[in-house]
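What follows is a single structure, written as structure tokens, with notes after it.
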Amino acid sequence: MAIHEDVLVIGGGIAGTTAALAAAETGAQVRLVTHKKSTLRQASGLIDVLGYAPDVDGPVSDPFAAIESLPEGHPYQLLGETAIRGGLTVFDEAVGEAYEGSHTDTNALLTTSGGAIKPTSRYPTSTAAGLVSDDRAMLIVGFRSLTDFDGELVADHLAAAGVPFSVDGVEIEVPGSYRADSRVTRIANALDLNKDLDYEGRALPAREAFAEVIKPHLGDADRVGLPAVLGDDHADEVRADLERHLGAAVFELPMGPPSYPGLRLEDILFDALDEAGVRLSDGNPAVGYEADGDAIDAIIVDQMNKEVPYSAEQVVLATGGLVGKGIDSDREGVREPVFDCHVPHPDDRYDWFVDDAFGEHPFAKFGVQIDEACKPLDGDGVPEFSNLRAAGGVVGGVDRTAEKSKSGVSLATGYVAGTAAGEAI
Ligand SMILES: Cc1cc2nc3c(=O)[nH]c(=O)nc-3n(C[C@H](O)[C@H](O)[C@H](O)COP(=O)(O)OP(=O)(O)OC[C@H]3O[C@@H](n4cnc5c(N)ncnc54)[C@H](O)[C@@H]3O)c2cc1C
């Protein structure tokens with residue numbers, strides 16, 4: 001039997017899940033179709049709304065107050081403060097106590113694994129004791145076998161940034177032995193299961209063994225930062241046990257892939273979809289569409305080389321940007337591959353970049369142009385389709401990496417696109 005939905009969302013990242021949850025809240029019947037579950041395995045799990053803005057020196061304190069300084073055509077300028085607040089509300093309801101930051105509009109400043117200080121709006125509870133506004137003495141512990149994270153270097157960077165607390169760093173040899181190709185997951189797994197590990201010739205449960213190795217370096221520290229590998233399914237218990245053994249607060253610093261904070265967020269968001277009654281089809285890409293005039297009738301999903309139509313009244317495109325493959329580029333130009341929506345870009349490839357590696361690269365803003373209802377626009381500024389909306393990384397006009405607004409833009413556009421799609425039923 002053909003699949004037919006009120007609202008079909010394409011893409012399972014933060015934008016797609018937000019759009020699906022917002023649409024479900026209107027009472028619409030929603031299906032989310034996604035190729036891979038999400039890109040959160042690579043992401044930090046932090047939710048940045050706006051960290052830097054033109055005309056604001058240093059990190060933005062209040063993202064809402066900084067919206068007016070953003071350039072024309074920026075999604076926040078188009079959609080306004082209510083869109084950001086709406087997206088954050090959907091997010092906060094989905095994640096519950098797993099995240100902090102909802103008590104204030106002001107950005108939190110958080111310690112990152114590179115030693116930089118990051119302005120962010122929502123952060124996993126596991127990272128909360130790493131706030132830079134907290135004046136408790138800090139110890140950063142790196143694991144020698146995890147070469148992407150150097151505890152001493154992180155501490156040096158923080159001290160050089162003039163943080164208002166004392167900070168030391170140390171590299172330790174972790175108890176137990178782990179296969180080189182999968183150390184991150186094996187360490188997380190050992191802590192999750194609290195397996196017995198060898199510590200100085202005796203068997204100790206993993207959490208206690210890790211604490212014993214850290215203890216001699218604790219000094220006056222009231223809080224200890226560790227790479228974000230502190231368990232998966234039982235992360236809260238792992239942290240609580242480490243805190244009990246160490247007598248200090250413990251926090252995680254998000255690292256590169258595989259990112260446990262990202263994976264935990266992915267689980268939470270997909271549980272929320274399930275609870276909201278959103279149907280899920282994952283593992284296959286949308287490759288095209290069928291339309292009647294300017295209205296999309298169905299999207300075509302490639303199911304093991306078989307083209308299967310999924311029909312819907314309303315469609316939300318949330319396939320990500322250049323990283324998620326929602327925007328594609330080759331020698332011919334830049335394109336949006338599912339609906340072939342217009343993606344403004346210079347014809348000459350040399351104009352996509354600037355010479356300065358840290359300069360304002362035009363490619364960073366590539367994506368579909370939207371109107372106030374998140375409808376993608378053609379080259380003449382007319383909606384491409386009457387029932388298509390776009391959200392997240394696929395939307396252009398914003399350098400989300402430079403301004404640290406990646407997830408905020410996904411939440412705001414996902415909220416508007418999902419709500420409007422649901423209300424159009
Ligand atoms: C390495 C990394 C670090 C990050 N760090 C931060 C951070 O510190 N703070 C922050 O706020 N944000 C961060 N982000 C951004 C954030 O995780 C999201 O990637 C961003 O908000 C964009 O979300 P999205 O849902 O639009 O796209 P994506 O997350 O890219 O998701 C797109 C989804 O669409 C699916 N898809 C693509 N094409 C198709 C198709 N044809 N058919 C079906 N499905 C398709 C993909 O499989 C994927 O599930 C980071 C991202 C990455 C990759």
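Here is a check on your reading of the model: is residue 267 of a type in the set (D, E, K, R) and within 10 Å of the ligand (Cβ to nearest atom)? No, not satisfied.
Flag: residue 190 matches the condition of being in a helix (DSSP H, G or I), buried (at least 22 other Cβ atoms within 10 Å of the Cβ) and free of Cβ contacts under 8 Å to residues at least 60 places away in the same chain.
When residues in the stretch 400-412 are screened for being farther than 9 Å from residue 18 by Cα and near the ligand (Cβ under 9 Å from one of its atoms), 8 of them pass.
Each row is one residue, and each column tells you yes or no for (1) free of Cβ contacts under 8 Å to residues at least 40 places away in the same chain; (2) in contact with a Pro (Cβ under 6 Å, 6 or more places away or on another chain).
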site: 224; (1), (2): no, no
site: 232; (1), (2): no, no
site: 255; (1), (2): no, yes
site: 260; (1), (2): no, no
site: 264; (1), (2): no, no
site: 274; (1), (2): yes, no
site: 277; (1), (2): no, no
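Of all residues in the stretch 153-165, those satisfying the criterion of being buried (at least 16 other Cβ atoms within 10 Å of the Cβ) and free of Cβ contacts under 8 Å to residues at least 60 places away in the same chain are 153, 155, 156, 157, 158, 159, 163, 165.
Of the residues making up the stretch 81-106, those that are over 16 Å from the mean Cα position of the chain (by Cα) and surrounded by 20 or more Cβ atoms within 10 Å (Cβ to Cβ) are 83, 86.
Among the residues of the stretch 358-368, is there at least one that is in the same structural domain as residue 74 (by TED's automatic domain parsing), modelled with pLDDT of 95 or more and on the phi < 0 side of the Ramachandran plot? Explain how you work it out, then say what you get.
Our first condition is that a residue be in the same structural domain as residue 74 (by TED's automatic domain parsing); within the stretch 358-368, this holds for 358-368.
Those left that are additionally modelled with pLDDT of 95 or more: 367-368.
Retained after the next criterion (residues that are on the phi < 0 side of the Ramachandran plot): 368.
Yes: one or more hits.
Here 415, 310 are screened, and the one residue that is outside any loop (DSSP other than H, G, I, E, B), under 17 Å from residue 87 (Cβ atoms), hydroxyl-bearing (Ser, Thr, Tyr) and touching a residue at least 12 places away in the same chain (Cβ under 8 Å) is 415.
So which residues in the stretch 289-314 are under 28 Å from the mean Cα position of the chain (by Cα) and surrounded by fewer than 16 Cβ atoms within 10 Å (Cβ to Cβ), if there are any at all? Within the stretch 289-314, 302, 303 qualify.
Only one of 280, 317, 322 is within 11 Å of the ligand (Cβ to nearest atom), at negative phi and surrounded by fewer than 19 Cβ atoms within 10 Å (Cβ to Cβ). Can you tell me which?
The match here is 322.
Kindly check whether there is at least one residue in the stretch 353-365 that is of a type in the set (Phe, Trp, Tyr) and in contact with a Leu (Cβ under 9 Å, 6 or more places away or on another chain). Yes, the conditions are met somewhere in the stretch 353-365.
Restricted to the stretch 2-19, and to residues that are among the hydrophobic types (A, V, I, L, M, F, W, C) and more than 11 Å from the ligand (Cβ to nearest atom), which residue is surrounded by the most Cβ atoms within 10 Å (Cβ to Cβ)?
Filtering the stretch 2-19 down to residues among the hydrophobic types (A, V, I, L, M, F, W, C) leaves 2-3, 7-10, 14-15, 19.
After this cut, where a residue has to be more than 11 Å from the ligand (Cβ to nearest atom) as well, the list is 2-3, 7.
Details: 2: 8, 3: 16, 7: 30.
Out of the qualifying residues, it is 7.
Quick test for you: out of 59, 124, pick the one residue that is assigned by TED's automatic domain parsing to the domain that holds residue 165 and either among the charged types (D, E, K, R) or in contact (Cβ under 8 Å) with a residue 60 or more places away in the chain (or both). Break it down into steps so the answer makes sense when it comes.
Working: 59 fails: assigned by TED's automatic domain parsing to the domain that holds residue 165.
So the residue among 59, 124 that is assigned by TED's automatic domain parsing to the domain that holds residue 165 and either among the charged types (D, E, K, R) or in contact (Cβ under 8 Å) with a residue 60 or more places away in the chain (or both) is 124.
Here the strands (runs of 3 or more DSSP E) wholly within the stretch 212-302 that include at least 1 residues being aromatic (Phe, Trp, Tyr) are 249-253, 286-292.
Of (1) touching a residue at least 24 places away in the same chain (Cβ under 8 Å); (2) under 30 Å from residue 5 (Cα atoms); (3) within 16 Å of the ligand (Cβ to nearest atom), residue 291 satisfies all except one. Which? Status for residue 291: all satisfied but (3).
Within the stretch 37-88, the set of residues being among the hydrophobic types (A, V, I, L, M, F, W, C), over 18 Å from residue 367 (Cβ atoms) and either touching an Asp or Glu at 6+ places or on another chain (Cβ under 8 Å) or away from the ligand (no atom under 15 Å from the Cβ) (or both) comprises 40, 53, 56, 64, 65, 66, 67. Kindly check whether there is at least one residue in the stretch 383-399 that is at pLDDT 95 or above, assigned by TED's automatic domain parsing to the domain that holds residue 291, within 13 Å of the ligand (Cβ to nearest atom) and farther than 23 Å from residue 91 by Cβ. No: zero hits.
For the stretch 383-390, state whether one or more residues are within 19 Å of residue 84 (Cβ to Cβ), in contact with a strand residue (DSSP E or B) (Cβ under 8 Å, 6 or more places away or on another chain) and part of a loop (DSSP other than H, G, I, E, B). Working first, answer last.
Restricting attention to the stretch 383-390, the residues satisfying the condition of being within 19 Å of residue 84 (Cβ to Cβ) are 389-390.
Imposing the further condition that a residue be in contact with a strand residue (DSSP E or B) (Cβ under 8 Å, 6 or more places away or on another chain) reduces the set to 389-390.
Checking the rest, the ones that are also part of a loop (DSSP other than H, G, I, E, B) come to none.
Within the stretch 383-390, none of the residues are within 19 Å of residue 84 (Cβ to Cβ), in contact with a strand residue (DSSP E or B) (Cβ under 8 Å, 6 or more places away or on another chain) and part of a loop (DSSP other than H, G, I, E, B).
Among the residues of the stretch 347-363, is any in a loop (DSSP other than H, G, I, E, B), within 13 Å of the ligand (Cβ to nearest atom), under 23 Å from the mean Cα position of the chain (by Cα) and of a type outside the set (Ser, Thr, Tyr)? No, every residue in the stretch 347-363 fails to be in a loop (DSSP other than H, G, I, E, B), within 13 Å of the ligand (Cβ to nearest atom), under 23 Å from the mean Cα position of the chain (by Cα) and of a type outside the set (Ser, Thr, Tyr).
Test residue 33 against the stated conditions and say whether it is buried (at least 17 other Cβ atoms within 10 Å of the Cβ) and within 14 Å of the ligand (Cβ to nearest atom).
Considered against the rule, which asks whether it is buried (at least 17 other Cβ atoms within 10 Å of the Cβ) and within 14 Å of the ligand (Cβ to nearest atom), residue 33 comes out as yes.
The values are calculated or read from the model by the stated rules, or taken from the named source; none is laboratory data. If you're wondering where the values come from, they're calculated on a predicted model, not measured in any experiment. Note that we place each Cβ from the backbone using ideal geometry, even for glycine, and neighbour counts take in every protein chain shown.
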